[in-house]
Amino acid sequence: GAVVSQHPSWVICKSGTSVKIECRSLDFQATTMFWYRQFPKQSLMLMATSNEGSKATYEQGVEKDKFLINHASLTLSTLTVTSAHPEDSSFYICSAGTDTNSPLHFGNGTRLTVT
Amino acid sequence: LAKTTQPISMDSYEGQEVNITCSHNNIATNDYITWYQQFPSQGPRFIIQGYKTKVTNEVASLFIPADRKSSTLSLPRVSLSDTAVYYCLVGGPGNTPLVFGKGTRLSVIA
């Protein structure tokens, strides 16, 4: 089946630094990738939609200058959390899809802890 | 984007069949129904997808009535390892985002 890989699986960083998370579709070309955030005991919240070669579309309330998304190829999207603060600590999950009716597949998530 | 409603939690004993029903009254004509399973600190894992009637795979069955306003995920003979949160989502092709509801927390008891 389709595999989506996320890296790193966990990261600890200091306040004010930036962190980059990678999302790769390993065995298919993803026209679209999605970034979600999940706080403890809560559901996944969609942050942004990333299309290859174009600017990402952000959900209401998500700061595009803080959460930089780059989708430079059909197999790689990156999320950079800039000037991280402790409240950015969360579980970040990406998913990838094509323009068919095949289901979305999700990465295994990245646990970000900002100290 | 169609919203979904599921029971917040369910308990079951090992070996029993578990049915989780999801309502999606505003489902669109081109929407598919997809169920995912999530364990703590992991990404959601695809279980099954359907459009209408019944779909079965090696882990579950999905029942969808003719009006498609609800769906039922059936897990046969659950085990302790099936303890997880189950999400029902509706949406179009894979280049449209899926909006997650609160999901159903299934606890399987020995």
Determine which member of the set A:S77, A:S95, A:S25 is small (G, A, S), within 12 Å of the chain's Cα centre (by Cα), crowded, with 21+ Cβ neighbours inside 10 Å and farther than 20 Å from B:C88 by Cα. A:S77
Looking for something more than 24 Å from B:Q42 (Cα to Cα), in contact with a strand residue (DSSP E or B) (Cβ under 9 Å, 6 or more places away or on another chain) and not hydroxyl-bearing (S, T, Y) - is there at least one such residue anywhere in the stretch A:83-100? yes
Can you tell me which of B:L75, B:L1, B:L98 is buried (at least 21 other Cβ atoms within 10 Å of the Cβ), at pLDDT below 95 and not polar (S, T, N, Q)? B:L98
If you take the residues in the stretch B:78-89 that are under 27 Å from A:F34 (Cβ atoms) and away from every other protein chain (no Cβ under 14 Å), which one is surrounded by the fewest Cβ atoms within 10 Å (Cβ to Cβ)? B:T83
Scanning the stretch B:101-110 residue by residue, those more than 18 Å from B:P44 (Cα to Cα) and either out of contact with any helix residue (DSSP H, G or I) (no Cβ under 7 Å at 6 or more places or on another chain) or crowded, with 21+ Cβ neighbours inside 10 Å (or both) turn out to be B:I109
Kindly establish whether A:L79 is more than 12 Å from chain B (Cβ to nearest Cβ), farther than 30 Å from B:D31 by Cβ, assigned to a strand (DSSP E or B) and of a type in the set (A, V, I, L, M, F, W, C). no
From the option list B:G43, B:G92, single residue qualifying as within 12 Å of another protein chain (Cβ to nearest Cβ) and without any contact (Cβ under 8 Å) to a residue 12 or more places away in the chain is B:G43
Condition test on A:E87, is it surrounded by fewer than 20 Cβ atoms within 10 Å (Cβ to Cβ) and in a helix (DSSP H, G or I)? yes
Any residue at all in the stretch A:60-73 that's buried (at least 20 other Cβ atoms within 10 Å of the Cβ) and not hydrophobic (A, V, I, L, M, F, W, C)? yes
Of residues in the stretch B:27-40 being among the polar types (S, T, N, Q) and surrounded by fewer than 21 Cβ atoms within 10 Å (Cβ to Cβ), the one farthest from the other protein chains (Cβ to nearest Cβ): B:T29
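The values are calculated or read from the model by the stated rules, or taken from the named source; none is laboratory data. Because the structure is a prediction, the values reported are computed rather than measured. We place every Cβ from the backbone using ideal geometry, glycine too, and count neighbours over all the protein chains shown.
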